[in-house]
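Report on one structure; see the data block that follows.
Quick note: the coordinates plus some simple rules give every number you see, no bench work behind them. Keep in mind that what you see is a predicted model, and the values were worked out from it rather than measured. Glycine gets a Cβ as well: all are built from the backbone with ideal geometry, and neighbour counts include every protein chain shown.
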Amino acid sequence: MKYISKIGHKAITWVEELGLMVIAVATVIAVGIEISSMLEARTVTLADLLLLFIYLEVLSMVAIYLDSGKLPVRMPLYIAIVALARYLILDMKSLDTWRMLGVAGAVLLISLAILVIRYGHARFPYPDKDNG
């Protein structure tokens, strides 16, 4: 039974790493497409830069996961904040006041969640596997 469990764990780890590589390759392709569109348009907008920043954060998240085997919860939250900022920048003229306040409120809530998570990690750190 232990042998089957070991094989199953290896298979899941392999599929997980394959999925991460697919995400990384797709992100690199998306960066290339975005750079190509900027070159074609001969202009770089703030929305383009924020989109590239989102792509870099995704790549960073994949690298951290591959290095440590752990996914920091804050990374997707940072990506969400940048994505909401990009949404505000792109659609500012077409947003009504309530929708704009809603997006700003979402950014505030995500920021507060990040602060709570950081406080929790500082105040209540995880025990080391070696010590515990």
From the list Arg42, Arg99, pick out the single residue that is within 30 Å of Val25 (Cβ to Cβ) and among the basic types (Lys, Arg). Arg42
Condition first: in contact (Cβ under 8 Å) with a residue 24 or more places away in the chain, closer than 16 Å to Ala106 by Cα and hydrophobic (A, V, I, L, M, F, W, C). Now tell me which residues in the range 58-91 satisfy that. Leu77, Ile79, Ala80, Ile81, Val82, Ala83, Leu84, Ala85, Ile89
Name every residue in the range 72-102 that is over 18 Å from the mean Cα position of the chain (by Cα) and hydrophobic (A, V, I, L, M, F, W, C), in order of residue number. Leu88, Ile89, Leu90, Met92, Leu95, Trp98, Met100, Leu101
If the Cβ limit is 9 Å and pairs must be 6+ apart or interchain, which residue in the range 92-109 that is over 21 Å from Arg74 (Cα atoms) pairs with which residue that is of a type in the set (Val, Ile, Thr) and assigned to a helix (DSSP H, G or I)? Leu95/Val103
